[in-house]
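A.B. asks: Below are the structure tokens for one structure; questions will follow.
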Amino acid sequence: MIEVKNITKKFGSTLVLNNISATFLSGKVNLIIGQSGSGKTVAIKSMLGLHEIDSGTIFYDQRDFSSMKNKDRQIIRKEIGMVFQGGALFDSKSIEDNLMVPLIMFSNMSKEKMKYRINFCLKRVNLENVNHLYPSDLSGGMQKRVAIARAIVLKPKYLFCDEPNSGLDPYTATVIDELLKEITYEYKITTVINTHDMNSVMQIGDHIIFIKEGVKKWEGSKNEIMDSENKDLNKFIFASEVFKRLKSLS
Amino acid sequence: MKIFILIGKYFIFIRKVFSRPSSFSVFYKSFIDEVFSLGVSSIGFVAFISLFVGAVVTLQIAYNLENPLLPSYLIGLATRDSIILEFSPTMVSLILAGKMGSNIASTIGTMRVTEQIDALEMMGINSASYLVLPKIFALVFFNPILITFSMFLAIIGGWFFGEFTGLCSTTEFLDGVQYFFIPFNVIYAYIKTIFFALIIATLPAFYGYFTKGGALEVGQASTKGVVNSSILIIIFNYLITQLLLN
Ligand SMILES: Nc1ncnc2c1ncn2[C@@H]1O[C@H](COP(=O)(O)OP(=O)(O)OP(=O)(O)O)[C@@H](O)[C@H]1O
Ligand SMILES: [Mg+2]
């Protein structure tokens with residue numbers, strides 16, 4: 001469980017996160033949704049300490065991450081997997097070596113066990129025979145899946161994904177959503193996903209936080225979201241024709 | 001004022017770089033990779049430049065010393081000294097600052113803007129040390145080898161072209177090269193080289209590491225890294241020479 005209390009983040013004089021509080025549950029898919037530029041990426045980067053917050057607190061299972069020194073944060077970071085918006089694969093390394101980096105650094109496995117684990121994780125994201133290819137040899141969707149495989153290779157307790165299915169076709173996007181959901185339930189991970197894709201919201205949103213211009217405007221589950229009376233939220237959800245029609249049907 | 005903030009930031013960065021690697025086998029592997037990708041790949045380039053500049057230096061000295069009163073071994077001697085004292089350690093380092101510096105700044109800058117550095121940090125890895133320390137060791141180890149190689153080739157180039165153009169015979173040239181040889185000059189050259197290697201490895205890395213934005217900014221970081229390391233090399237060349245040769 002991750003608890004965020006009253007976090008505020010400014011860049012210069014622009015307020016990007018304004019007093020956000022939220023709880024992210026373990027074994028659940030937690031979503032942060034909002035328009036482009038609403039502060040989703042900044043929110044998760046702040047939770048990870050990649051941006052220093054200006055005020056507020058962040059707890060990882062009762063451990064006060066926000067007031068920790070870098071050294072202690074690194075201990076928690078070893079329990080975190082992160083899928084970046086652009087994948088962030090190491091482009092000078094092969095796919096296998098990309099997954100190898102965290103394993104070599106932080107596990108005492110033998111080479112064989114590592115390879116076994118790598119193949120297991122790649123298979124988990126439906127990739128095979130890509131071990132010796134380089135990131136530039138793969139399609140965008142495959143790169144995203146490698147990034148997910150890399151994020152779970154050390155069996156994280158917390159998994160963060162920044163728009164894991166943006167730029168993908170609807171089918172592949174669904175596959176990735178399902179995958180993230182399965183992994184979350186299977187390993188009881190606290191998963192936090194940024195998205196502005198309403199399909200993902202309806203498919204996997206156990207717990208949803210809606211932010212607009214850095215302010216949390218709504219919180220709930222996918223079952224509640226369609227019937228919410230929140231104006232800002234409705235404007236966001238029913239921007240697309242498909243969801244407008246859905247609304248009129250229900 | 002800005003410059004002091006920059007210098008402060010640089011030294012904080014350096015302190016982060018010089019922390020103990022969390023895995024020595026990983027460090028050793030990256031070190032070997034860097035020796036090849038930064039150092040060994042520069043051999044051909046350095047050889048080409050050294051041969052021709054050695055030739056030009058000899059020819060110019062020969063033209064300027066065309067005076068029957070001056071002993072002919074002076075050509076070899078002056079060539080040797082200008083190559084060992086200045087050309088190989090300083091000029092070649094400047095050229096390497098361009099080649100290696102732009103490579104280092106753009107590699108690290110690209111890793112920054114594509115969030116690869118964030119990814120390393122998220123794995124609990126000290127990204128500065130992981131990325132930069134192997135490069136520093138690689139250059140401090142390999143640049144002296146490159147410079148030695150450059151010295152030999154430049155002198156060979158001078159000898160060959162002197163003989164070829166008939167401006168200076170082989171015996172005269174070799175006499176000159178061996179005449180009144182001061183071993184300390186070579187040590188001085190190595191001290192400079194190592195100092196310059198530290199600049200070439202760290203300054204472009206610093207600019208790359210703190211790149212913000214996208215591809216355009218990576219290019220700017222690379223330019224800044226190369227220009228500022230060249231300026232620093234020139235300044236330190238002066239300071240070290242003042243200190244060691246006076
Ligand atoms: N490093 C930074 N320095 C200054 N401003 C920043 C920085 N990073 C983000 N911002 C600003 O913060 C705001 C929120 O950006 P953020 O990247 O979190 O949006 P987002 O919700 O992730 O959008 P998208 O869906 O397009 O990824 C934007 O206005 C952006 O300009
Ligand atoms: Mg974003």
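A.B. asks: Across chain A, how large is the tail of the calculated P(r) beyond 22 Å, expressed as a percent of all Cα pairs?
C.D. replies: That tail contains 55 percent of the Cα-Cα pairs.
A.B. asks: Another question about this same structure. Average partner chain C-beta neighbours within 10 Å, per residue of A:73-82?
C.D. replies: Per residue, the average neighbour count from other chains is 3.
A.B. asks: Let me ask another. According to a simple spin-label model (label point 7 Å from Cα along Cα-to-Cβ), what is the distance in nm between A:MET68 and B:PHE52?
C.D. replies: Result: 5.6 nm between the two label points.
A.B. asks: According to a simple spin-label model (label point 7 Å from Cα along Cα-to-Cβ), what is the distance in nm between A:ILE75 and A:LEU15?
C.D. replies: Label-label distance for A:LEU15 and A:ILE75, simple model: 3.5 nm.
A.B. asks: Check A:MET82: other-chain or 5+ apart residues with amide H under 5 Å from its amide H, H built from backbone geometry?
C.D. replies: Correct list: A:PHE160.
A.B. asks: Do any chymotrypsin sites (Phe, Trp or Tyr not before Pro) in segment B:155-246 lie in a loop, going by DSSP, with at most 14 other beta-carbon atoms within 10 Å of their beta carbon, and if so which?
C.D. replies: Counting only loop positions with at most 14 other Cβ atoms within 10 Å, the chymotrypsin sites (Phe, Trp or Tyr not before Pro) in segment B:155-246 are B:TYR179, B:PHE180, B:PHE181.
A.B. asks: What number comes out for the charge environment of B:TYR179, summing +1 per Lys or Arg and -1 per Asp or Glu over other residues with Cβ under 15 Å away?
C.D. replies: With Lys, Arg at +1 and Asp, Glu at -1, the net is -2.
A.B. asks: Take every DSSP beta bridge with both residues inside the protein assembly as shown and express the antiparallel ones as a percent of the total, to the nearest 5.
C.D. replies: The antiparallel proportion sits near 50 percent.
A.B. asks: At what distance in nm do the modelled label points of B:ILE145 and B:LEU245 sit from each other, each positioned 7 Å from its Cα along Cα→Cβ?
C.D. replies: 2.8 nm
A.B. asks: When Lys and Arg each count +1 and Asp and Glu each count -1, what net charge do the other residues less than 15 Å away from B:GLU121, Cβ to Cβ, add up to?
C.D. replies: Residues close to B:GLU121 contribute a combined charge of +3.
A.B. asks: Where in segment A:153-172 is the amide nitrogen less than 12 Å from a point lying 7 Å along the Cα-to-Cβ axis of A:GLU186?
C.D. replies: Under 12 Å, as judged by backbone N against the label point of A:GLU186, lie A:153, A:155 of segment A:153-172.
A.B. asks: Say the cut-off is 24 Å between C-alpha atoms; which of A:LYS188/A:LYS235; A:LYS69/A:LYS115; A:LYS78/A:LYS181 go over it?
C.D. replies: A:LYS188/A:LYS235; A:LYS69/A:LYS115
A.B. asks: List the GluC sites (Glu not before Pro) in segment A:29-105 that DSSP assigns to loop (not H, G, I, E or B) and whose Cβ has at most 13 other Cβ atoms within 10 Å. Which are they?
C.D. replies: Answer in residue order: A:GLU52.
A.B. asks: Still on this structure, please answer the following. Quick check: net charge around B:LEU232, other residues with Cβ under 15 Å of its Cβ, Lys/Arg +1 and Asp/Glu -1?
C.D. replies: +2
Each value in this text was obtained by applying a stated rule to the coordinates, not by laboratory testing. Every value quoted in this text rests on a predicted model; they were computed, and no experiment measured them. Glycine gets a Cβ as well: all are built from the backbone with ideal geometry, and neighbour counts include every protein chain shown.
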